[in-house]
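Read the structure below first, then the notes.
The values are calculated or read from the model by the stated rules, or taken from the named source; none is laboratory data. Since the model is a prediction, treat every value here as computed from it, not as a measurement. In this analysis, Cβ positions are derived from the backbone assuming ideal geometry, glycine residues included, and neighbour counts consider all displayed protein chains.
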Amino acid sequence: MATMRAVQVSQAGGPLELVEREVPTPAAGEVRVRVQACGVCHSDMYAVAGAYPGVTYPVIPGHEIAGVLDEVGDGVKNWEAGQRVGVGWFGGNCGYCEPCRRGDFIGCQNMGVPGVTFDGGYAEYVVVPASALALIPEDLHAEDAAPLLCAGVTTFNALRNSGAHGGDVVAVLGVGGLGHLGVQFARKLGFRTVAIARGTEKEALARQLGAHHYIDSTAQNPAEELQALGGAKVILATVTNAAAMTATLGGLARRGRLIVVGASTDPMRLPPAMLIGGNTGIVGHASGTSMDSQDTLAFSSLVDVRPMIETRPLEEAQAAYDKMMAGDARFRMVLVTGA
């Protein structure tokens, strides 16, 4: 029996434990991926804390998976061993629920999530549905590809589907794990890019990443500053601070949109009337399908967008997770297996 190293959580709230597991075998419609890198995402807490329906223990976290296709199950078409592949939050869709029948695959009512509803990428091997796979370009390192499969697709897909056109003012609220990618994508997509963050310490980095303008929300009124630039067609909110999101709303141009990708559970407090005069709005955005992930990887390769990462070996998963949860990572922690 072949075994592999894996990091699992045995119970909700428990520690990340390095264990030996049997190498999984793909069933019909599934594939096995030899994991080379797996990003450590804040959403991994759903598995660690048991804060998501459908988590069963023990579970191996991780949904930012980059590696090599190792084995193909029966009935899988157009994939073969040796291809470089990635898997993100989208763990495959059922194909029969109403959203799937309407072509809304990311809205699948039975969608699996790697590392949450089934074992994920904190391991040397992972088995996933073939429909969850995205191709990784040859010039993109596995450790760089991994965060693009969640933080990357979330920001890129939101921006490219936002309705903004080249030259429009697009603001990115927050220059962190999501925001530092959002700024790069906004600039590369041809938008007049504004970065908004607290303090001045991130200004140099924001401009290095491509921001044309920087707003310090502790010293300036972000809504007024955005209006001085003509108003924002889009504000991409990557922070998890509802008050910070609300403070930018007055900076939207007519028919502008605040797109929320930062998963805050705090309520937003605003007068509904402020949305009416300019026909502005607030919308949420889910990450994207496996094809959206593949588009993100291809675009990143084409225009040289890369995440800022810190790598740790698989056996240091607990330390990497703790650093991420403490907000000390700059900006994405990535586990590497050495495979």
Inset, instruction - Just give me the residues in the range 278-311 being under 27 Å from A242 (Cα atoms) and in contact with an Asp or Glu (Cβ under 9 Å, 6 or more places away or on another chain), in sequence order. - result: G288, P307, I309
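So for the range 172-186 (the condition being part of a helix (DSSP H, G or I), at pLDDT 95 or above and within 22 Å of G277 (Cβ to Cβ)), does at least one residue qualify?
Step one: of the range 172-186, the residues part of a helix (DSSP H, G or I) are 179-186.
Add one more test, that the residue is at pLDDT 95 or above, and what stays is 179-186.
In the following step, the residues that additionally are within 22 Å of G277 (Cβ to Cβ) were identified as none.
Within the range 172-186 (the criterion being part of a helix (DSSP H, G or I), at pLDDT 95 or above and within 22 Å of G277 (Cβ to Cβ)), the answer is no, since none of the residues qualifies.
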Legend entry - Count - residues of the range 54-107 that are in contact (Cβ under 8 Å) with a residue 60 or more places away in the chain, assigned to a loop (DSSP other than H, G, I, E, B) and under 24 Å from G152 (Cα atoms): 10
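Quick grid of which residues meet (1) polar (S, T, N, Q); (2) crowded, with 17+ Cβ neighbours inside 10 Å; (3) assigned to a strand (DSSP E or B):
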residue: Q11; (1), (2), (3): yes, no, no
residue: E20; (1), (2), (3): no, no, yes
residue: A27; (1), (2), (3): no, no, no
residue: V31; (1), (2), (3): no, yes, yes
residue: Q36; (1), (2), (3): yes, yes, yes
residue: S43; (1), (2), (3): yes, yes, no
residue: A47; (1), (2), (3): no, yes, no
residue: Y52; (1), (2), (3): no, no, no
Legend entry - In the range 216-235, the residues that are of a type in the set (A, V, I, L, M, F, W, C) and farther than 22 Å from R255 by Cα: A219
Legend entry - Residue pairs meeting the criteria (Cβ under 8 Å; at least 6 apart or on separate chains; first at pLDDT 95 or above and of a type in the set (G, A, S), in the range 1-12; second surrounded by 12 or more Cβ atoms within 10 Å (Cβ to Cβ) and part of a strand (DSSP E or B)): A6/L18; A6/V19; A6/R21; A6/A123; S10/E17
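Give, as residue ranges, the helices (runs of 4 or more DSSP H) completely inside the range 218-328 that count at least 2 residues that are in contact with a Lys or Arg (Cβ under 8 Å, 6 or more places away or on another chain). Walk me through it before giving the result.
Working: elements: 222-228, 242-248, 290-303, 317-325.
Counting at least 2 such residues, we get 242-248, 290-303, 317-325.
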